[in-house]
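Below is one structure, written out as structure tokens; comments come after it.
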């Protein structure tokens, strides 16, 4: 046991199983939504080759109302507890945005459990380096009313995607995330990053980037930041996608993920 070893919990986080195949995969949610972000992509999944556990971290979707510290180490414990409950000794892990850090942490420290890891539009492994003011502003957004959220989303997404996209994302965040949980997770990706950002990852890792995303999450930055950590890294850039490839380019994203996980 080390200081990074999480304490296992008996009750698994909320989840839904899709498929009955022999390749087992846990898919986690991002900061702005539960795993319903994948709804438009699920129709393309190969349920004969894979079994997918769509897992909502504490405070999101099927795990709304679940209190906690809302940290990376806690999320890691929750994923392992879910796998234990499913009797999955080994499985692949897929993280998106903030939960990509959870996937990378699992791949670093639990090679006996993790076969492969996918990081979709991952933040830097050391976090974004937010100062106190930036951290406070992000937490404030998580706790803000719908109008404030929609205004921010319109500024962030509205220049490339439709105005309805900003409205949809704001409404989904309200519907599927506890504001206190969303505020709690901010430190994970905005400031802290991985507890041991230099620890090697020996299992195969796929990073999918959206080249219309923020610069720190585009392929050039991801290659530069993850190559020193990963012994087996594949980076696949999507030139016409932003931060949500499973919604912006669902069939292609599924094909890339399944090709990597089924290798």
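Table for the structure above
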read-out: Selection count where residues are over 28 Å from residue 248 (Cβ atoms) and surrounded by 21 or more Cβ atoms within 10 Å (Cβ to Cβ), scope the stretch 81-108; value: 2
read-out: Extreme residue, surrounded by the fewest Cβ atoms within 10 Å (Cβ to Cβ), among residues of the stretch 1-29 that are within 17 Å of residue 89 (Cβ to Cβ) and at pLDDT below 95; value: 8
read-out: Residues of the stretch 50-65 that turn out to be touching a strand residue (DSSP E or B) at 6+ places or on another chain (Cβ under 9 Å) and assigned to a loop (DSSP other than H, G, I, E, B), as a count; value: 4
read-out: Residue list for the stretch 13-42, restricted to those being assigned to a loop (DSSP other than H, G, I, E, B) and touching a residue at least 60 places away in the same chain (Cβ under 8 Å); value: 13, 29, 30, 31, 32, 33, 34
read-out: Among (1) touching a helix residue (DSSP H, G or I) at 6+ places or on another chain (Cβ under 8 Å); (2) within 30 Å of residue 202 (Cα to Cα); (3) loosely packed, with under 15 Cβ neighbours inside 10 Å - the single one residue 112 does not satisfy; value: (1)
read-out: Which listed residue is over 17 Å from residue 215 (Cα atoms), surrounded by fewer than 16 Cβ atoms within 10 Å (Cβ to Cβ) and at pLDDT below 90, from 148, 159; value: 148
read-out: Residue satisfying all of: in the stretch 246-259; in contact (Cβ under 8 Å) with a residue 40 or more places away in the chain and more than 17 Å from the chain's Cα centre (by Cα); surrounded by the fewest Cβ atoms within 10 Å (Cβ to Cβ) among these; value: 251
read-out: Single residue of 52, 70 found to be closer than 16 Å to residue 177 by Cβ and modelled with pLDDT of 95 or more; value: 70
read-out: Among the candidates 236, 263, 227, 253, residue that is closer than 17 Å to residue 204 by Cα and touching a helix residue (DSSP H, G or I) at 6+ places or on another chain (Cβ under 7 Å); value: 236
read-out: 3 or more residues free of Cβ contacts under 8 Å to residues at least 24 places away in the same chain: qualifying helices (runs of 4 or more DSSP H) within the stretch 111-193; value: 132-142, 146-157, 163-176
read-out: Of the criteria (1) over 15 Å from the mean Cα position of the chain (by Cα); (2) assigned to a helix (DSSP H, G or I); (3) modelled with pLDDT of 95 or more, which one residue 107 fails; value: (1)
read-out: Some residue of the stretch 222-237 being assigned to a loop (DSSP other than H, G, I, E, B), closer than 21 Å to residue 128 by Cα and at pLDDT below 95; value: no
read-out: Among the residues listed as 121, 76, the single one being touching a strand residue (DSSP E or B) at 6+ places or on another chain (Cβ under 7 Å), surrounded by 18 or more Cβ atoms within 10 Å (Cβ to Cβ) and at pLDDT 95 or above; value: 121
read-out: Condition check for residue 216: farther than 12 Å from residue 119 by Cα, at pLDDT below 95 and surrounded by 14 or more Cβ atoms within 10 Å (Cβ to Cβ); value: no
read-out: Filter pass, residue 143 being over 30 Å from residue 219 (Cβ atoms) and buried (at least 17 other Cβ atoms within 10 Å of the Cβ); value: no
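The values are calculated or read from the model by the stated rules, or taken from the named source; none is laboratory data. These numbers come from a predicted model, not from an experiment. Note: ideal-geometry Cβ built from the backbone for every residue, glycine included; neighbour counts use all protein chains shown.
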